[in-house]
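As structure tokens, the structure follows; a few thoughts come after it.
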Amino acid sequence: MISISDGNGESSYSAGAEEITAQNPGELAAAAAGVPVLVGTGDCGVVQNLPVANSQCGNASHQPDTAAWDDSPWVTAVGGTIPNINPKTGAKQGSDPVWHVAGIFSEGAGYSSVFTRPDYQSGVANITQSPMRSVPDIALDARDGTSEAGPLLNGVLALATQLNDGHDIGPINPALYDSLGPRGAAAGIADVVHGNNSVIVNGKTVVQGFTAAKGFDVATGWGTINGNFVPSLVAATRADGQEAAARQQAWADLTALEHGIQFTPDTTSPTAMTCLLAGGFLPGHPVQMSIDGKAVATLRAGDLGTVTYMIAPSLLKLEPGEHTVTLGSLLLNMTATFNIS
């Protein structure tokens, strides 16, 4: 399992959507390998922390926002609750409320402005009322912030992996939405029906957030979990193989990215040229280009995450035949072939 804590909102990325979607290859690689990626939804309620903040939520967005790392459809977004237990006996005293303290400090929840609603959320589209991905998917104890909730679920999924004879169980969202969530308490899902993540200053709501309700809701996803969640998740994984289909799709999507180089034309003469175009890279970052294993140039991805290069066979002393181009970057490596006639 992998857990990430990063509460910087989508609106804080200066290069926009292309800077955010450049993370896709890493998440797709994890999903294709069956490794769950869990990300806390942030600690500033319906708004998000800004990179310039000197303290948590010291500088936050002025409008609803969600954290860029938890919004990917290949990630399980983990919100926050407060365990409602008797401090002396440890006995449950009712459903857990949304974690919300000191006005602005609360779990993140809302809609991505970058990622559209994934297929596994189609069954709750009448609740989210949005064509975009909603987060969180589930929530756990966040008395010290959602950076606690994510690693807690990480430990829970480690137990599930152990129960599953050591076999990876991810990505878990298809099983969570199609099987476990709708079954509720019988599958180890504990509903969260109280609390919200609004920004409140001096007793007044400054930015309206989302409120927990019976069943699935935008505030907490399916709610939180109890001890039955581990065997229920393993049983669902074994019964319908939903994670296997998700792994195959992730592998197909990753493969498409890794073979996304285009040549115009893809066959050229020794005295002509062909134009290379590729995208999906982190804007502004270097991309190393080689042909047949020999370094040719260091390119730099533009604002849209794309690189271009005019390949002149005569200048590069390339012989007629097929040649392999490799582009290497921080998260994405691409390969493709072109021909010299």
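Here are some notes:
- Folded to 0 to 90 degrees: helix 229-240 orientation relative to the chain principal axis, Cα: 50
- On Cα atoms only, tilt of 242-258 relative to the major axis of the chain in degrees: 30
- Listed as lacking a disulfide-compatible partner in the chain: CYS275, by the criterion of no other cysteine Cβ under 4.7 Å.
- Bridge type composition, the chain - antiparallel percent by DSSP, nearest 5: 75
- Gain upon complete extension [ALA213, ILE127; 0.36 nm per residue less C-alpha separation]: 29.9 nm
- On the basis of the beta-carbon distance and an R0 of 30 Å, SER269 and ALA17 show a calculated FRET efficiency of 0.20.
- Charge tally for GLU19 (other residues, Cβ to Cβ under 10 Å; Lys, Arg +1; Asp, Glu -1): -3.
- Computed from phi, the 3J(HN,Hα) profile of the stretch 10-18 under the Karplus parametrisation 6.51, -1.76, 1.60 (θ = phi - 60°) reads 4, 5, 8, 8, 5, 8, x, 4, 5 Hz, with x in place of Gly and Pro.
- Taking VAL37, VAL101 and counting other C-beta atoms within 10 Å, the order from fewest to most: VAL101, VAL37
- Using alpha carbons only, the radius of gyration of the stretch 235-341 set against its Kirkwood radius gives Rg/Rh = 1.13.
- Spin-label model, ALA245 to GLN93: label points 7 Å out along the Cα-to-beta-carbon direction sit 4.3 nm apart.
- Sites ASP303 and ARG238, calculated FRET efficiency, Cβ-Cβ separation with R0 35 Å, nearest 0.05: 0.15
- Karplus (6.51, -1.76, 1.60) ³J(HN,Hα), θ = phi - 60°, over the stretch 324-332, in Hz, Gly and Pro reported as x: 9, 9, 10, 10, x, 9, 4, 10, 10
- Length-normalised contact order for the stretch 259-340 - Cα pairs under 8 Å, 6+ apart - percent: 36
- Values [x] 24; [y] 40; [z] 34 are given for comparison; percent of Cα pairs over 31 Å apart, derived from the coordinates here, is the one labelled [y].
- Between the residues VAL46, SER12, GLY188, the greatest Cα displacement towards the positive end of the dipole of the stretch 2-255, with unit charges on the Cβ of Lys, Arg, Asp and Glu, is found for GLY188.
- Each Lys and Arg adds +1 at its Cβ and each Asp and Glu adds -1 at its Cβ; summed about the Cα centre, the stretch 259-340 shows a dipole of about 180 debye.
- Other-chain or far-sequence residues with amide H under 5 Å of GLY195's (modelled H): VAL98, ALA212
- Taking the chain and dividing mean pair separation by its residue count, relative contact order in percent (alpha carbons under 8 Å, at least six apart): 17
- Net charge dipole size for the chain [Lys, Arg +1 and Asp, Glu -1 on Cβ; Debye, nearest 20]: 440
- Between VAL206 and GLN162, residue separation times 0.36 nm minus the direct Cα-Cα distance comes to 11.3 nm.
Read-outs throughout are calculated quantities, based only on the coordinates presented, and are distinct from any laboratory measurement. Remember, predicted model here, so these are calculated numbers, not experimental data. Because the Cβ atoms are built from the backbone with ideal geometry, glycine has one as well, and the counts that use them run over all protein chains shown.
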